[in-house]
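Step one of this worksheet: look at the structure below.
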Amino acid sequence: MSKDNETPQPVRKKIVDHAESRSNLTLVPKIATDPLPASTPVPVENSARISTPVPDLTPTPSAVDPMAWLCDHRERAPKQLLLKTPVIFAVTEYHQESGKVEVPAGASSQIVGFTPTTVDLRLVNATVRIPVDVTNLRTLAQAAMEGRDPAAVAPVEAQAVHPSSQNAVLPRRFTHPSAPLNLEDLKTLKANLDKEPWKSGYAALAADPHSRLGGRISGPFAEVGRAPNVNLWPWRNDMTSVWCLARMWYFTGNKAYAQKAHDILIAWATTHTVFSGREATLDLGDYAYKFVGGAEILRGTWPGWTDADTATVQNYFAKVLLPATNKFGENMYGAANKGALSMVAAALMEIFNDDAAKLETTLWQYRALPHIGIRNSNPIGQLGDSLRDQGHFHGQFLSLAMLAEALWKQGIDLYAEQDDRLLSVGEYFARINSQVPTPFLPFGTTDAYYTADNTNRGWDHGRMALNLIHGAYVVRKGLQAPYVETRRQQLPIDGESFMFEKVADHSTALPLAALSFPGTVSVARGMRDVDIGRTGSAGSSSYSGGNWKVRGSGDPRRPDQSCHFTYKAVTGDCAIIAKIESIEDSSGNARSGVMLRASLEPNASRGLMVINQKSQAEQNFQGFNIYGGANYGTKALGINQTSYWVKLERAGRILAGYISQDGTNWAATDVGQYNEMPETVYIGLVVCSGNSGTLNATTFTNVQITGNDEEAPPPIPAAPAALLASPGEKSVPLRWQPSLWARCYWVKRATTSGGPYKAIAKVTGSSYVDTSVTGPDNYYYVVTAVNSAGESANSPEDNTKPEGWRLH
């Protein structure tokens, strides 16, 4: 990301450094290329949103050109490719070309479009259009055409952007208005105010007391606070008035509305000096689209707005409101909805402030932090607060979607993150609140871990969030969202949500290069043993037939952290996964799990995730900065069983601890930051008995560690834990929870519950759209997971009736 005073040369150097870090081939002479026009954004190919079906392994006639075939099967296109030769890319800033950069051979680049002979690429903020044969795309196309896995031809996924690199591609100058509505949005809304649903929405806006020219300002005050509340409602009322009055100005052309909105906002900006209270960030997140949105409309559309007004509001945001979005330290956020509210408030204000550096950090947190951002979700669409209650689920959902919408207006597609994860979230939220029977998986975050769903399904709010999802995926990308569409129509039109109603939107944005997180492979040997602290009895470990048997005594909660540790030394980012199968100890105080340590000395900084014999998962991080301090860093979570999965993941300075019922549905329940973490750490299995005279013998399975040299053979994968089918338009979109060890999945269908099922597709991802349905009948689906060891049992069944047929 370049700064305002940065010359094109450092910008080009950053791109070269980025490319060379992802290149492992030898440079060869470069070729001439035609960079894409900087003013013409490359359209995003959205057909690859659905997991790639794998065809039968029937040889394709050699006369078929692989690129012609790929153009007819774009859903099977890879997302990235490798350059065969050095290529000259055009560097762009704010849609204007600012220079050129040579990207070396072997660099991985993102595909944003292709024809039979050319391919459009993006790398950081540089783009190019080049001949296909300068890349390995034809080889990838040939592999896909023959039913082979393209990843085996060119493993570009391993060259994705490092998760600790806060190197998002943002313009030096931002578009205004844009957070969250841009000028095109406003023009379209204004042109449709005589049509439904905009007509009813505008009527509700006009009738809102906050839209009245004669209304009184409630503030300003020098201090506002929440928990404890100080002048909170006056601030809320006036920020809502800014939003309502600014919109009334734009829709009516009456400058009196703009003047009043301006006067309220400037009065607060020149009076308010502190936002206090332990829950300040919640109000900032809830109201950010209002006070920033209103300011953006005034700044971008009202002739009476001045540069001095911009400076005054930017100072207010920078000095008063932005500091209140995170009072607990770098990356130290409250869980789930609290963290999401912090991020959306920060992002919208950073856009108004043209603060690309700070926005890059917020964007990285959205993509990388597993307890607050898009990673605090699972493939079936649950978020960290989904099982808490529908109101908090919605708060997290709306915040993530609103932030994605604001970044779309800056040319960045966050809706594409995690294989269109926000679409899954929207469908899940809409389905359960339509009171359609819907499965759930145990999930949670650093606040709590939920093993049951006792939420208030049928919650009668959320049209704004659903409108954002509908506009992003259905209108812009042409994807299906059946439950979102149904639920939207069930909810009332109001003076807020109508602003995000869309029937057409031809704007485009580009997804960012995928972040990579430390992978793991199964381990059968190469681990070392050590007793830490005063254990009293020597421990040991052994491996046989997929099982690790580890014996140890001690108690790592004591000052000397006594325990037995079966470990490896790993340099850089790393992770460990293990399932605790059984704990053999009669005292009831035994604990077993995974641990990461800065050293093997007692009292070293370390984090551990363990299971005890009381059907609890325990977490304990020592030496880390943690939101909530010891109350969050050390706690026990009810899991209702003694056999469970645990995981630790180090990414840069962040250490995250996870628990899971199935080894794929990971909930980050402990997240800490250790600024002095050494490059080489010790990671492995930890066992203790709770006293120094007894050995605890624990059996671990599915042990996996980063950087293992010799991978053990995989077991047969477990059945996918959950499957969801949606009533699409003459089709059935499906998505399911992946299975550990699976290489691909069989999608199977029946016309009666319980089968018999017929296999209809073999896919490598965890979603599929069945377009072979022939009528509005009930179809019943299951999915199985497959690898070289065999095929799993069936997933739980789900059924639906596709829409779109006329009944006679």
Original post:
Stretch A604-A793 to full length: gain in nm at 0.36 nm per residue minus the Cα-Cα span?
Top reply: 63.6 nm
**OP:** For each cysteine in the chain, check whether another cysteine's C-beta sits under 4.7 Å from its C-beta; list those where none does.
**Re:** C71, C244, C574, C744
**OP:** May I ask you to list the aspartates and glutamates whose Cα is less than 18 Å away from that of K748, ignoring any residue fewer than eight positions away on the same chain?
**Re:** D56, D770, D777, E791, E797, D798
Subject >> Computed FRET value (nearest 0.05) for A630 with T680, which takes r as the C-beta separation and R₀ as 22 Å >> reply: 0.20
**OP:** Whole Å is fine, so just give me how far the alpha carbon centre of segment 424-470 lies from that of segment 718-779.
**Re:** 21 Å
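In percent, how large is the relative contact order of segment 623-776, given Cα pairs closer than 8 Å and 6 or more residues apart? Mind showing how you got there, number by number?
Working: 190 pairs, mean separation 23.0, N = 154.
Relative contact order here is 15 percent.
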Original post:
Which whole-angstrom value gives the distance between the alpha carbon centres of segment 375-419 and segment 193-211?
Top reply: 27 Å
Subject >> Per-residue SASA entry for E649, accessible area with 1.4 Å probe, Å² rounded to 10 >> reply: 10 Å²
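Please compute the net charge surrounding R388, taking Lys and Arg as +1 and Asp and Glu as -1 over other residues with Cβ under 14 Å from its Cβ. Provide the component values of the computation, followed by the final result.
Details: positive: K338, R457; negative: D385, D389, D447, D453.
Result for the neighbourhood of R388: -2.
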Original post:
Between their Cα atoms, which of K187/K358; K409/K730; K614/K647 are more than 21 Å away from each other?
Top reply: K187/K358; K409/K730
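Whenever you get a sec, line up F89, F624 from highest to lowest accessible area (probe 1.4 Å, protein heavy atoms). Mind showing how you got there, number by number?
Values: F89 0, F624 25 Å².
Result, largest first: F624, F89.
Given a Förster distance of 56 Å, report the FRET efficiency between A357 and K614 from their Cβ-Cβ distance, rounded to the nearest 0.05. Numbers along the way, then the final one.
Details: r = 47 Å, r/R0 = 0.84.
It comes out at approximately 0.75.
For H272, H262, H73, what's the largest-to-smallest order of accessible area, 1.4 Å probe? Write down the numbers at each step before the final one.
Values: H272 5, H262 25, H73 50 Å².
Per-residue accessible area, sorted high to low, gives H73, H262, H272.
Pairs of alpha-carbon atoms within less than 8 angstrom and 6+ residues apart define the contacts here; what relative contact order does segment 278-349 have, in percent? Display every interim value, and only then the final one.
Numbers: 51 pairs, mean separation 41.7, N = 72.
Result for segment 278-349 is 58 percent.
Ignoring ligands, DNA and RNA, how do D453, D385 rank by accessible area with a 1.4 Å probe, largest first? Provide the component values of the computation, followed by the final result.
Numbers: D453 35, D385 0 Å².
Accessible-area ranking of D453, D385, largest first: D453, D385.
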**OP:** Could I have the simple spin-label model distance between V274 and A203, label points 7 Å from Cα toward Cβ, reported in nm to one decimal?
**Re:** 4.8 nm
Original post:
Which percent of the accessible heavy-atom area of the chain goes to carbon and sulfur, probe 1.4 angstrom?
Top reply: 50 percent
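Give me the accessible area per residue for the chain, probe 1.4 Å, as a whole number in Å².
On the way: 29990 Å² over 808 residues.
Here the residues of the chain average 37 Å² of exposed surface.
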Original post:
Once both labels are modelled 7 Å past Cα along the beta-carbon direction, what's the A191-E223 spacing in nm?
Top reply: 5.1 nm
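Ranked highest first by average number of other Cβ atoms within 10 Å, how do 201-208, 575-582 line up?
Values: 201-208: 18.1, 575-582: 22.4.
Ranking, from highest mean packing down: 575-582, 201-208.
Using 0.36 nm times the number of residues separating S507 and R653, minus their current alpha carbon distance, what extension gain do you get? It would help to have the intermediate numbers written out before the result.
On the way: separation 146, 0.36 × 146 = 52.56 nm, distance 3.70 nm.
Here the segment from S507 to R653 would lengthen by 48.9 nm.
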**OP:** Averaging sequence separations of C-alpha pairs under 8 Å and six or more residues apart, then dividing by the length of the chain, give the relative contact order as a whole percent.
**Re:** 11 percent
Subject >> Highest to lowest packing among 657-664, 542-549, 357-364, 318-325, scored as the average C-beta count within 10 Å >> reply: 657-664, 357-364, 318-325, 542-549
**OP:** Roll a 1.4 Å probe over the protein heavy atoms and report the accessible area of C744 in Å², nearest 10.
**Re:** 20 Å²
**OP:** List the lysines whose Cα lies under 24 Å from the Cα of K100, skipping any in the same chain that are fewer than 8 positions away.
**Re:** K3, K13, K14, K30, K79, K84
Original post:
List the aspartates and glutamates whose alpha-carbon lies under 18 Å from that of K195, not counting same-chain residues fewer than 8 positions away?
Top reply: E184, D185, D494, E496, E501, D505
**OP:** Can you tell me how much longer the chain between A256 and T306 gets when fully stretched, taken as 0.36 nm per residue apart minus their C-alpha distance, in nm with one decimal?
**Re:** 16.4 nm
Subject >> Residue-averaged [θ]222 nm for the chain, counting only DSSP H segments that reach four residues, each worth -39500 (n - 2.57) >> reply: -8000 deg cm²/dmol
Subject >> Accessible surface of I683 - all protein chains present, 1.4 Å probe, nearest 10 Å² >> reply: 0 Å²
**OP:** Could you compute the FRET efficiency for A759 and D460, with r as their C-beta to C-beta distance and R0 at 45 Å, rounded to 0.05?
**Re:** 0.65
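The values are calculated or read from the model by the stated rules, or taken from the named source; none is laboratory data. Not measured: the values here are computed from a predicted model. As a convention, Cβ positions derive from the backbone with ideal geometry for all residues, glycine included, and neighbour counts pool all protein chains shown. The area values use the complete protein model at the heavy-atom level, side chains included, leaving out ligands, DNA and RNA. Shrake-Rupley method; radii C 1.70, N 1.55, O 1.52, S 1.80 Å.
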